[in-house]
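FYI, it's all coordinate maths here, none of it is from the lab. Predicted model only: the values in this text are computed from it and were never measured. With ideal geometry, Cβ positions are generated from the backbone for all residues, glycine too; neighbour counts draw on all protein chains shown.
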Amino acid sequence: MPDPDLLAADRSGAPEASSAGFALPASVRGDFPVLDRQVNGHPLVYLDSANTSQKPRAVVEAMADHLLLHNANVARAMHQLGAEASEAFEGGRSKVAGLLGARPEEVVFTKNASEALNLAAHTLGQHLALGPGDEVVVSVMEHHSNIVPWQLLCQRTGATLRWFDITDDGRLDLQAAREQDLVNERTKVVSLTWVSNVLGTVNPITELAAMAHAVGAVFVVDGSQAVPQLPVDVATLGADLLAFTSHKMLGPTGLGVLWGRYELLEQLPPFLGGGEMIEVVRMEGSTYARPPARFEAGTPPIAEVVALGAAVDYLRGVGMQRIAHHEHLITAYLLEQLQRIEGLRILGPTVPVDRGGAVSFTLTSADGFDIHPHDVMQLLDSRGVAIRGGHHCARPLHHRLGIQASSRASAYLYTTPDEVDALVAALEHTRAFFGGHSLGGRR
Amino acid sequence: MSVEQMYQEIILDHYKAKHGSGLRDPYEAEVTHVNPSCGDEILLRVHLEGDTVADVSYDSVGCSISQASTSVMHDLVVGRPIEEGMATAAAFTEMMHSRGDFEPDEDVLEDGIAFLGVAQFPARVKCALLGWSAWKDAVAHALAHKEENHD
Ligand SMILES: Cc1ncc(COP(=O)(O)O)c(C=O)c1O
C-alpha cells in the first residue's frame, strides 16, 4: 500500500519524477559546508542526521543577520529594532505554521521536543484532571522523551501507564493491542511517535488517531523524526498535539515546537510561569494570555526561531515531497546494501515500506562475537564515517529486542549512495578487524 | 595513533576472555554501575578476606574497552591487599586522565598499560573506568558493612 503521507499534496514543490533517482543530494550539498570537511584524514560521511541534521548556509546566515542587524527583545521593546525583531520572530512562527498547514497561533515554541512533550503531559494532566483509574498509552518503541514525561505524570496523578508492544518485524502490534483492549474507555491520552528513531517504522498515525478518538482520548504525536522528512498536514493527520524539534530539520538547537489544535490549546492551563505568558498579574492571582503566548514564558529563543523560519523556507524550497522521495530511495539502498554484510542484523522493517531514513543494526564478527556499537562507531569514525552507537534514548525498545545497544545510520536530503557505500566498506573493515582476534588466545 | 592501534592485542584478548566474569558467592557487597550515555552496565561483587581482596565477580555488558578493562582489573586486584588494589586503581585512573601523556609503570599496571592509547580518545575514558569505579565503590561498601557488624 502506498504511503498516504507521501501521496499527500505537497504545498511547496512539484514531486520529483522517480527516474531522476538520486539527483537531490547533488543539488543541495553545496549549501552544507560541513559536508566538504575531512575527518581523520577521510572525507566526512555524515550518517547521523536522525541525531541532529547538518545546517545549510542560509539558516546560519539568517541567524547571524538577525543577531548582527535586527537584535532586540520581542513583544516588549517598542523601538524600531523591537518591531523588526518581533516581526522576524512572528514570521518564523508563520513559516512553521505554513509547513504544517496550521494557523500561526497554534504553534508554540519550546526549548526542544522533550520540553514540548513535557508541556503536553503537564497541561493535559491538569486539564483532564487525571487520576487513579485513568490510563495513558504510549508504545515500547518511544524515545525516552515520550516515555518519561508520561511516567512522571502517572506518578503524580495515580493514573496508569500502558503501552503498545511491537511485532517481530518492528511495527506497532495493533492486533495485540485490540485483543488486550489497550485503548479503552479509561484511556485519556495516547502519545505515540510518528516515525521511530531506532526502527525507522512509520506508524499509521491517522488510524491510531481514530482509535484514540473513538474512546475520547487526546492524541499526542511525537513528530521529531517525521516532520523533517515527510509532508505534514495537521488538518488530516488526526493529531491533537504534535511535538518536534528544530535541530533535526536543518534548524538550530535550543528550539522545539508544540503544535496544537487551537480549541484544545485554549483549554490547557499554563505550563511555566513568567513574563509574556500573562494577561494581568495581581499579587492575589493572575490571568493568562491566550495561546500560544500562554505557553511561552520569558524571552523566547528569538534568533533560533528566525533561523528555523529560514530552515522551513529551505525545506519547502526543495519540496517536502522531494525530500520524502529521496529519503525513501536512499533508505531502500541503505537497507539493500547493509543486508549484504554477513553478520549484520537490521532492527525493524527490512523493506522500505512505511520506513523512515534511520536504520539500526547489530554486527557480529566471523568468530561469532557481537561487536559492540561503540567499537563499531569508533572504527567507522576513524574512516570519517559518523554514525550513532548506543541505545538511542530508547532503552525499553532495546530491552524488548533482547539487546543492550545498536548502531544506527541515518540519512537525510544530502545523503548520497556513495556515502552508503563508504559505510558498507567501513563496516566490512570493522568486521574483519574484530574477527581477526581469536578468543582469549594470548594466554 | 590510529584507532586500530588503540585496540591493542591485549585489549581485544581481554575483551574476548573476560577474566573473572560471572557472579559468585560469597560476597560482602554488590553494586551496579552504568554509563547512562551508552548503556554500558556492570553488576559487580566483592569478597574480602581480612585485608585481602579474595574475589571480584561480575556480570557486565558493554564495549570492548569497558569489558577488557574490567577483565584487567580483575587480574590486578584479586588475591592482593585492598590497599595495593586501591593504589593500582589510582594509577590507572591517573593514566586514563592523562590524554596519553603518561609513563605507566608496567610493574604496577601490568596489562593495564595497554589502555594508555585509549586515554587519547576522551569519549572512551569513561568506558575504561567503569569497572574500576564499580570495584572501588563495592570495596567501600564492603568495608562500611564490616564496620557496622563490628559495632
Ligand atoms: C523520536 C524522538 N523523540 C524525541 C526526541 C527528542 O528531541 P530533543 O532532544 O530535541 O528534545 C528525539 C531526538 O533525539 C527523537 O528522535
Percent antiparallel among DSSP beta bridges (both partners in the range A:60-316, rounded to 5):
50
Hey, how many Å between the Cα centroid of the range A:379-404 and the Cα centroid of the range A:93-164?
26
Top mean-square fluctuation among A:S27, A:S49, A:S286, Gaussian network model of chain A, C-alpha springs under 10 Å?
A:S286
Work out the charge dipole of the protein assembly as shown with +1 on the Cβ of Lys and Arg and -1 on the Cβ of Asp and Glu about the Cα centre, then indicate which of B:V125, B:M96, A:P292 is farthest towards its positive end.
A:P292
Averaged over the residues of A:369-376, the number of partner chain Cβ atoms within 10 Å of each residue's own Cβ comes to 6
Simple Cβ-charge dipole of the range A:60-316, Lys/Arg +1 and Asp/Glu -1, about Cα centre, in debye nearest 20:
320
With a ≥ b ≥ c the root eigenvalues of the C-alpha gyration tensor of the range A:147-239, is it rounded (a/c under 1.5), prolate (a/b larger than b/c) or oblate?
rounded
At 7 Å along Cα-to-Cβ for each site, give me the label-to-label distance between A:V34 and A:Q267 in nm.
4.1
As a check on your grasp of the helix formula, calculate [θ] at 222 nm for chain A: sum -39500 (n - 2.57) over DSSP H runs of n ≥ 4, divide by the residue count, round to the nearest 500.
-11500 deg cm²/dmol
Please arrange B:C38, A:C393 by how many other C-beta atoms lie within 10 Å of their C-beta, fewest to most.
A:C393, B:C38
Quick one: A:K188, B:K136, fewest Cβ neighbours within 10 Å first, how do they rank?
B:K136, A:K188
Helix A:417-435: inclination vs chain A longest Cα principal axis, degrees, rounded to 10, gives 60
Averaged across orientations, what area in nm² does the convex hull of the alpha carbons in the range B:50-129 project?
5.0
Would you compute, for the Cα atoms of the range A:67-108, the largest minus smallest coordinate along each principal axis and list the three values in descending order, in whole Å?
32, 19, 13
The base-10 log of I(q)/I(0) that the Debye equation returns for the range A:60-316 at q = 0.08 Å⁻¹, one scatterer per C-alpha, is -0.32
Compute the separation of the alpha-carbon centres of the range B:129-145 and the range B:1-57 and state it in Å as a whole number.
12
Residues of B:60-67, mean number of Cβ from any other protein chain within 10 Å of their own Cβ, rounded to a whole number?
5
Is the C-alpha gyration tensor of the range B:11-67 telling us rounded, prolate or oblate? Criteria: a/c under 1.5 is rounded; beyond that, a/b larger than b/c is prolate, otherwise oblate.
oblate
Would you mind computing Rg(Cα) / (2.2 N^0.38 Å) for the protein assembly as shown, counting N as its residues?
1.06
To test your reading of the geometry: what angle, between 0 and 90 degrees and rounded to tens, separates the Cα axis of helix A:148-157 from the longest principal axis of chain A?
50
I'm checking a number: the convex hull volume of the Cα atoms of the range B:3-143, normalised per residue, in Å³. What is it?
91
From DSSP H assignment alone, runs of 4+ in chain B each adding -39500 (n - 2.57), the sum over residues rounded to the nearest 500 puts [θ] at 222 nm at -15500 deg cm²/dmol
So if each residue of separation counts as 0.36 nm, and I subtract the Cα-Cα distance between A:Q126 and A:V351, what length gain in nm does that give?
76.8 nm
Round to a whole angstrom and tell me the spacing of the C-alpha centers of the range A:208-227 and the range A:315-372.
26
As straight-line cross-link partners of A:K111, the qualifying aspartates and glutamates (C-alpha separation under 19 Å, not fewer than 8 residues apart within one chain) are A:E90, A:D222, A:E276, A:E296, A:E304
Fewest to most neighbouring Cβ within 10 Å: what's the order for B:H47, A:H66?
B:H47, A:H66
What's the longest bit of chain A with no exposed GluC sites (Glu not before Pro), using DSSP loop states and at most 12 other Cβ atoms within 10 Å as the test?
A:1-184
What distance in nm lies between label points placed 7 Å from Cα along the C-beta direction at A:T206 and A:N184?
3.0
Rounded if a/c under 1.5, otherwise prolate or oblate - the range A:172-299, Cα gyration tensor axes
oblate
Looking only at other chains, what is the average number of their beta-carbon atoms within 10 angstrom of each beta-carbon in B:11-21?
4
